[in-house]
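Participant: Input: one structure, supplied below.
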Amino acid sequence: MESEDDMHDANDSAEDDFYSGGEAGLAASDDGDADYDFADHDSDDSAELLSHRQQQNYSILSEVDIKRRQEDDINRVSTVLSISKPEACVLLRNYNWSVSKVHDEWFADEERVRKVVGLPEKHIEMPNDREVTCGICFESCPLGSMSAAACGHPFCGYISTAISDGPGCLMLRCPDPSCAAAVGQDMINSLADVEDTEKYGRYLRRSYIEDNRKTKWCPAPGCEYAAEFVMGSGSYDVNCNCSYGFCWNCTEEAHRPVDCATVSKWILKNSAESENMNWILANSKPCPKCKRPIEKNQGCMHITCTPPCKFEFCWLCLGPWSEHGERTGGFYACNRYESARQEGVYDESERRREMAKNSLERYTHYYERWAANQSSRQKALGDLQSLQNDKLERLSDIQSQPESQLKFIIEAWLQIVECRRVLKWTYAYGFYLPEHEHAKRQFFEYLQGEAESGLERLHQCAEKELQIYLDAESPSKDFNDFRTKLAGLTSVTRNYFENLVRALETGLNDVGPSTSHGTCSKSATSKSLGGKSKSGKNRASSTSSKSGGSSRGVDDSNIWTCDQCTYANPKSARACQACDHQHR
């Protein structure tokens with residue numbers, strides 16, 4: 001078996017690819033060696049990269065936005081086709097609110113479209129009789145209590161009933177079996193009461209979102225925002241104005257870098273009974289008589305099944321306890337079992353039980369860490385909200401600085417929330433990573449460990465070190481040093497996680513065939529979150545300055561750049577605050 005040192009060079013090449021560039025978009029030094037530059041993409045086109053990173057391929061729509069867009073679409077169709085707005089609304093509903101589809105179909109065959117959607121070319125008036133017979137209840141009713149669509153067939157009271165039945169009223173047609181004329185919104189507005197009219201309007205607005213393939217409601221409970229998505233551009237992650245992030249494709253919680261199929265399997269596994277069965281198999285044995293599973297909760301091997309069975313048996317060999325005594329090993333051992341085991345009688349059942357136990361332990365390992373990061377993320381969201389509501393204002397008063405100069409703290413907490421989400425899903429990613437791909441698994445675990453370490457460093461700084469300044473009674477002299485540290489950690493962590501996501505989404509392709517039979521090196525002292533930059537440039541400070549202005553006002557003469565990880569440290573620091581490297 002090859003040692004870790006033997007595989008060092010081969011595996012380092014894979015790690016170097018990840019840290020130094022390639023698909024991750026990181027720079028390499030002029031002499032061809034890897035420039036471990038996780039701190040920044042500080043090249044000539046860094047502004048373009050930042051702009052691309054901040055681009056959104058979706059827009060969030062409020063109820064007002066939905067209503068305005070819906071009215072604009074109706075007006076556009078009405079104007080182009082020279083039809084009334086209610087007729088344009090009927091057309092759009094039938095073609096899932098696609099303006100282009102309506103135009104294409106209408107101009108291809110107007111007569112066929114009218115017939116399909118129920119728009120007669122001529123409006124027929126109801127008969128002028130004082131009383132007419134309703135086609136629903138077959139009673140003679142006064143003309144004033146009757147209503148009819150464009151076809152002129154008179155009926156009573158069916159509009160209110162249809163609206164009460166739900167959204168199906170949007171496709172309401174004439175009740176006459178031989179007629180298919182559509183009931184338009186103008187008829188609803190003129191005949192329905194205020195409550196039914198408002199209800200119909202709500203159904204209509206929901207239809208605009210739910211029937212349109214470009215829009216979806218935010219799946220967060222109680223949220224009334226919708227999202228419009230540009231297909232085929234960027235990722236599927238959508239961040240709603242309600243602060244909930246979801247995947248456009250599967251509407252589950254945003255889950256990069258894990259694909260939708262893996263998320264579906266993971267959620268199903270968390271909720272399925274399979275793990276219960278694994279636990280039962282790993283921790284219980286069936287009663288030899290009634291076959292009911294029994295968990296051993298005491299040291300003695302003498303087991304008594306629960307009523308009405310009450311069968312007494314030996315836990316080890318499952319034989320009747322009446323046949324056991326001192327000659328068979330007594331209460332704590334079973335010679336009969338040991339003898340049978342040597343003959344291989346119990347090997348298969350024990351193997352199955354051991355496999356179930358290992359499977360359960362493995363799942364528990366990943367699930368507990370997945371859930372722990374979810375819990376930590378929820379706590380971070382609460383801390384962020386508390387900070388925005390009152391703590392930031394208090395800090396502004398204590399430190400005598402405007403709140404606009406404290407945005408770097410909000411940026412740090414937003415980054416913590418996002419990174420907790422990513423880290424959480426990396427555990428689902430790791431659970432489904434094939435066991436036989438040892439090099440890829442070890443590379444993944446190395447990257448995941450580095451990410452977790454960096455995130456904990458950022459979280460601790462934003463949580464515990466910030467508290468010092470919140471508890472202060474007067475402005476602190478080293479608050480600017482804290483600003484530099486937190487902004488730098490935010491930048492370094494952001495860049496690391498962005499590259500981690502890209503690496504996992506591409507299937508860790510940096511681990512090539514040359515590393516498939518080895519193990520990934522863990523000697524990563526020069527490859528921490530910041531990495532090693534041979535250019536000596538203050539990349540961390542530069543990045544944080546570009547990404548939101550969190551480092552504005554920081555004097556470069558009061559900071560020094562770590563030779564080990566390029567982190568920007570305050571001049572007063574004797575060791576790097578990111579990697580503890582001593583300053584020369």
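Participant: So what are the ³J(HN,Hα) numbers for the range 301-316, from phi and the Karplus equation (6.51, -1.76, 1.60; θ = phi - 60°), rounded to whole Hz, Gly and Pro as x?
Facilitator: 8, 7, 10, 10, 5, 6, x, x, 5, 6, 6, 9, 8, 8, 4, 6
Participant: How long is the gain from residue 311 to residue 60 if the chain were fully straight, where each residue apart is worth 0.36 nm and the alpha carbon distance is subtracted?
Facilitator: On the way: separation 251, 0.36 × 251 = 90.36 nm, distance 6.51 nm.
Contour length minus Cα-Cα distance gives 83.9 nm.
Participant: Right, something else. Given the whole protein assembly as supplied and a 1.4 Å probe, what does the accessible area of residue 471 come to in Å², nearest 10?
Facilitator: It works out to around 100 Å².
Participant: Under 5 Å between amide H atoms, partner at least 5 residues away or on a different chain: which partners does residue 181 have, H built in plane at 1.01 Å?
Facilitator: Those qualifying (amide H under 5 Å, at least 5 residues apart or on another chain) are 174.
Participant: Want the number for residue 572 to residue 202: 0.36 nm per residue separation, take away the alpha-carbon distance, what's left?
Facilitator: 127.0 nm
Participant: With a Förster radius of 56 Å, plug the Cβ-Cβ distance of residue 108 and residue 368 into 1/(1 + (r/R0)^6) and report the FRET value to the nearest 0.05.
Facilitator: With R0 = 56 Å, the Cβ-Cβ based efficiency is 0.40.
Participant: Same structure again: What are the ³J(HN,Hα) couplings of the range 494-500, residue after residue, when phi is run through the Karplus curve with 6.51, -1.76, 1.60 and θ = phi - 60°? Round to Hz, x for glycine and proline.
Facilitator: Taking θ as phi minus 60°, the curve returns 4, 5, 5, 5, 4, 6, 4 Hz for the range 494-500.
Participant: Past 19 Å, Cα to Cα, is the threshold; run 67/216; 269/357; 265/379; 296/357 against it and keep the listed order.
Facilitator: Pairs exceeding the cut-off: 265/379.
Participant: So who's got an amide H within less than 5 Å of the one on residue 311, skipping anything under 5 residues away but keeping other chains? H placed 1.01 Å off N, in plane.
Facilitator: 305
Participant: Here's another thing I want to ask about it. If you count only protein heavy atoms and use a 1.4 Å probe, how large is the accessible surface of residue 183, to the nearest 10 Å²?
Facilitator: Counting only protein heavy atoms, the figure is 0 Å².
Participant: First select every other residue whose beta carbon is under 13 angstrom from the beta carbon of residue 392; then total the charges, Lys and Arg +1, Asp and Glu -1.
Facilitator: Around residue 392, the charge tally is -3.
The values are calculated or read from the model by the stated rules, or taken from the named source; none is laboratory data. None of the values given here were measured: they were computed from a predicted structure. Cβ: placed from backbone, ideal geometry, glycine included. Neighbour counts: every protein chain shown. What goes into the accessible areas is simple: the full protein's heavy atoms, side chains included, and nothing from ligands, DNA or RNA. Shrake-Rupley method; radii C 1.70, N 1.55, O 1.52, S 1.80 Å.
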